[in-house]
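Down below is the structure, laid out as structure tokens.
The values are calculated or read from the model by the stated rules, or taken from the named source; none is laboratory data. If you're wondering where the values come from, they're calculated on a predicted model, not measured in any experiment. Virtual Cβ from ideal backbone geometry, glycine too; neighbours counted across all protein chains shown. Protein only, heavy atoms only, side chains kept; ligands, DNA and RNA dropped before computing areas. Shrake-Rupley method; radii C 1.70, N 1.55, O 1.52, S 1.80 Å.
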Amino acid sequence: MRIICIGGGPAGLYFAALMKKADPAHDVTVIERNRPDDTFGFGVVFSDATLERFAQADRETHDEIVRAFAHWDDIDIHYQGTVVTSTGHGFAGMSRQRLLDILQRRCAHLAVKLEFQTEVRDLAPYADADLILAGDGVNSTIRARYAERFGRRIEWWPNRFVWLGTTCPFPAFTFIFKEDVHGLWRVHAYRYDARYSTFILETTDATWRRAGLDEASEDDTVAFTEELFADELKGHPVLKNRSLWRNFPVVRNERWSHGNVVLVGDAAHTAHFSVGSGTKLAMEDAIALSRALERHPDVPAALAAYEAERRPEVESLQRAAQVSLEWFETTERYQRLEPIQFAMSLLTRSLRVTHENLKVRDPRFVATVDRWFAEGAVRQSGVPLPAAPAPPPPMFTPFRLRDLVLSNRIVVSPMCQYSAEDGTPNDWHLVHLGSRAAGGAALIVAEMTDVSREGRISPGCTGMYKPGHVDAWRRIVDFVHRHTGARIALQLAHAGRKGSTRRMWEGIDEPLPEGNWPLVSASPLPYFPHSQVPREMTRGDMDLVRDQFVQAARMAEVAGFDMLELHMAHGYLLASFISPLTNLRTDAYGGLLELRMRYPLEVFDAVRTAWPAGKPISVKISATDWAPGGTTADDAVRIAARLRAHGCDAVTVSTGQTVPHQKPVYGRLYQAPFSDRIRHEAGIPTMTVGNLSTYADANSILAAGRADLCVLARGHLYDPYWTRHAAREQDYDLPWPDQYESVKSYTPRAR
Ligand SMILES: Cc1cc2nc3c(=O)[nH]c(=O)nc-3n(C[C@H](O)[C@H](O)[C@H](O)COP(=O)(O)OP(=O)(O)OC[C@H]3O[C@@H](n4cnc5c(N)ncnc54)[C@H](O)[C@@H]3O)c2cc1C
Ligand SMILES: Cc1cc2nc3c(=O)[nH]c(=O)nc-3n(C[C@H](O)[C@H](O)[C@H](O)COP(=O)(O)O)c2cc1C
């Protein structure tokens with residue numbers, strides 16, 4: 001096979017070596033525009049898991065790489081004049097030049113042809129090749145040439161960064177966050193051999209310009225960096241090597257091959273440098289592609305197999321890298337955090353490393369975090385913690401909302417049961433909510449309960465609009481209060497244009513086949529094209545519905561509820577005013593966000609006035625519509641800030657369900673980043689919900705300050721005792737009800 005590798009970076013060289021090793025009969029040429037020792041950049045890092053893959057692919061290069069390593073376990077975080085250290089991270093760094101030397105020598109040994117100082121502009125001279133590897137890096141010429149065929153997408157991020165070096169041998173992977181008159185600077189620094197460290201300096205575009213670095217030469221950048229970080233560098237010089245300020249491009253391609261041309265490494269995909277995985281991905285691509293070619297002698301089949309194998313792994317890492325990238329793009333947001341929580345936020349930024357992982361790596365660090373968190377919770381709630389040798393996990397600390405004190409941070413999300421008759425909850429609701437209250441969560445939010453018969457989603461929805469509802473709800477509230485330590489909230493709503501539909505299991509959001517009732521909404525837009533067209537609310541309708549909310553709140557008080565949640569999410573009536581996709585009004589309640597918020601805030605104010613001052617009200621919002629032209633995370637911050645200004649106590653951060661053509665990006669904890677942002681930028685407590693299913697995630701989110709309460713919906717349908725089980729797994733003593741005392745000596749063995 002005749003193989004041309006364009007680009008002598010880690011991907012091109014490693015692939016060439018692996019192919020030649022697999023079959024010396026292959027004719028393999030690497031074409032590189034630079035000279036052999038002419039590399040940019042300083043060090044690269046690999047994790048232990050990556051090294052294992054290298055060992056299996058080619059023992060010779062692996063052994064040389066390992067010999068060249070500088071190992072470290074600690075991460076030092078310099079922030080607000082302190083250094084927080086976390087240990088047990090097990091990474092290794094080496095010089096990029098050294099890595100390329102090793103790969104070049106291995107190629108030469110295996111008789112790969114290496115052509116330096118040759119720039120490839122056109123593929124015509126290689127028409128006779130069986131395979132062309134485009135390993136020509138992030139600015140790939142080959143990718144650009146066939147951009148449409150590959151379905152290339154490049155997203156440039158605004159932060160500026162520059163790749164520098166220094167002779168300062170940082171003892172740990174070192175993050176420095178330093179503020180000067182221009183703004184906040186971030187440094188990512190790590191030692192890569194006995195004498196040198198990589199030193200990447202990053203900041204926002206505005207800070208960079210304020211510092212005049214937009215006009216700086218390389219020497220100016222070096223001088224600026226040496227001065228700003230004189231203390232941390234301890235007199236060591238900063239080194240340059242084509243150290244130009246850049247923006248980070250997130251590169252994606254819908255297809256990684258076209259004919260016999262295949263993309264690998266940075267040409268195919270990038271992952272932000274803060275997760276230190278670009279070289280690893282490039283070399284793992286090379287391994288996967290060489291193996292696919294061994295298995296499938298037919299090139300197109302091999303390229304398809306390579307992409308099928310690699311794409312899920314690459315995309316998963318790109319997702320983690322993206323969250324990390326965004327953390328560094330917006331670090332200013334976290335500047336109010338105390339150093340220990342800032343460190344926790346940084347270490348768990350990609351949401352992959354959890355409180356639990358950190359506990360294994362560095363139990364002392366996690367104990368410090370937990371103690372700090374528990375002390376804050378005691379101050380915030382005014383509730384002392386029981387005496388114990390160790391601080392409780394964050395999820396088992398109290399939280400106060402007005403006079404309501406929750407004993408822990410776990411909440412049962414409201415979930416429609418579609419099992420009521422004319423709005424009246426029954427035995428099903430008693431057992432459903434009662435068993436979850438017995439299950440250990442501190443707060444149970446009863447399902448979306450509608451303020452009028454016409455405000456229901458379906459004929460099975462619960463309501464709070466007729467006298468009998470108060471007694472029916474009181475029976476449930478009394479059970480929760482009498483028999484469990486939980487508190488109970490009611491979620492009040494009006495379904496708006498999503499009303500008069502079938503029960504979930506009969507066809508969600510689908511209109512009733514018969515017995516429909518008329519709908520109202522912000523604008524006369526049906527949900528589906530075949531849905532009923534709602535009437536645009538008149539001022540008279542608005543008065544009526546507002547008063548119905550107030551009436552329902554008063555009834556909820558009589559029924560004994562501890563808290564209210566107003567439902568302004570998921571496209572229901574109040575949400576329909578907030579989203580520009582469902583509010584096309586031209587009167588005082590449509591147009592700019594401030595105007596679209598007017599009616600929902602009017603309802604909020606009226607309910608707030610009617611509801612006892614000591615009892616809290618939360619509001620559930622859709623932080624994004626996941627649809628073009630809809631609300632975005634920026635809007636969500638403004639929405640939350642408005643709610644806060646009106647006395648809202650917490651925002652439950654959900655997303656979407658506004659329009660059927662939404663394109664949500666699901667995944668573990670997929671809504672937590674919105675909660676994080678709202679909590680820090682709008683300065684309001686948040687309740688995060690959405691694919692949160694492990695106690696490790698709950699503890700991480702709380703400890704890092706991404707939310708104040710963790711809300712589980714389906715997790716609680718599956719396991720009403722989720723909180724008790726989480727306590728047991730963590731050896732935390734959460735008292736069982738007296739009736740279940742015997743469980744203490746029982747060992748569960750479901751498997
Ligand atoms: C600031 C920064 C820090 C980073 N830190 C790390 C880290 O710690 N760990 C890590 O794993 N990764 C890191 N990376 C990423 C890493 O550098 C890349 O992901 C990795 O080098 C990709 O390898 P590659 O072989 O695909 O591309 P490259 O290493 O970019 O190699 C491409 C090669 O192709 C050559 N070339 C380009 N065009 C042509 C042409 N037309 N003709 C001939 N030759 C051509 C180039 O000269 C180059 O040698 C970092 C990146 C940046 C920007
Ligand atoms: C059966 C069911 C019913 C739901 N009903 C409601 C509801 O009444 N009010 C509400 O705000 N969200 C409702 N949701 C959404 C959940 O409260 C929650 O926001 C969503 O399921 C994501 O959380 P999870 O990943 O933990 O399930 C419902 C979800 C389910 C699965």
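Structure notes:
- Counting only protein heavy atoms and a probe of 1.4 Å, the accessible surface of the range 548-603 is 58% carbon and sulfur.
- The lysine pair count for the chain, using Cα distances under 21 Å and pairs eight or more places apart or on different chains, is 9.
- Considering only A606, T652, L669, the residue lying farthest towards the positive end of the dipole of the range 589-699 is A606, judged by Cα position with unit charges set on Cβ.
- Other-chain or far-sequence residues with amide H under 5 Å of T631's (modelled H): L581, D625
- Highest average packing first - 340-352, 6-18, Cβ atoms within 10 Å: 6-18, 340-352
- Residues whose amide H falls under 5 Å from that of D27, counting only those 5 or more places apart or on a different chain, are R2, I3, with hydrogens built in the peptide plane.
- In the context of the full set of protein chains, the range 64-178 has a per residue accessible area of 46 Å² (1.4 Å probe).
- Mean Kyte hydropathy of -0.5 or more with a Cα span along the axis of at least 27 Å, helices from DSSP in the chain: 299-329, 539-559
- For the range 158-167, 3J(HN,Hα) computed residue by residue from phi via the Karplus equation (6.51, -1.76, 1.60; θ = phi - 60°) reads x, 4, 9, 9, 9, 9, 10, x, 7, 8 Hz, glycine and proline entered as x.
- Assuming charge only on the beta carbon of Lys and Arg (+1) and of Asp and Glu (-1), the dipole of the chain about its Cα centre is about 860 debye to the nearest 20.
- R152 long-range amide H proximity, modeled H, under 5 Å: E254
- Remark: the range 255-269, residue by residue, has Karplus-estimated 3J(HN,Hα) of 10, 9, 9, 8, x, 9, 9, 10, 8, 9, x, 4, 5, 8, 6 Hz, where x stands for each Gly or Pro and the curve is 6.51 cos²θ - 1.76 cosθ + 1.60 at θ = phi - 60°.
- Taking every DSSP helix (H) stretch of at least 4 residues in the chain, weighting each as -39,500 (n - 2.57) and dividing the sum by the residue count yields a mean residue ellipticity at 222 nm of -11500 deg cm²/dmol.
- Tensor-based shape of the range 75-173 (alpha-carbon gyration tensor, a/c under 1.5 rounded, otherwise prolate or oblate): oblate
- Heavy-atom surface of the range 553-627, accessible at 1.4 Å and reported per residue (Å²): 26 Å²
- Karplus-based coupling profile of the range 411-417, in residue order and whole Hz: 10, 8, 5, x, 9, 4, 10, with θ = phi - 60° in 6.51 cos²θ - 1.76 cosθ + 1.60 and x standing for Gly or Pro.
- Charge dipole magnitude, Cβ of K and R +1, D and E -1 - the range 609-681, Cα centre, debye nearest 20: 140 debye
- Volume of the convex hull of the range 619-702 (Cα atoms only), normalised per residue: 85 Å³.
- Highest-first packing order for the peptide set 514-524, 137-147, 182-192 is 182-192, 137-147, 514-524, based on the mean count of other beta carbon atoms within 10 Å.
- Shape of the chain, Cα gyration tensor, a/c cut at 1.5: prolate
- Remark: the Cα gyration tensor places the range 184-258 in the oblate category, a/c being 1.5 or greater and a/b not exceeding b/c.
- DSSP-defined beta bridges in the chain - what % are antiparallel, rounded to 5: 45 percent
- Taking all protein chains into account, the per residue accessible area for the range 448-499 stands at 29 Å² (1.4 Å probe).
- Computed magnitude of the charge dipole of the range 101-185 (debye, nearest 20; Cβ of K, R +1, Cβ of D, E -1): 120 debye
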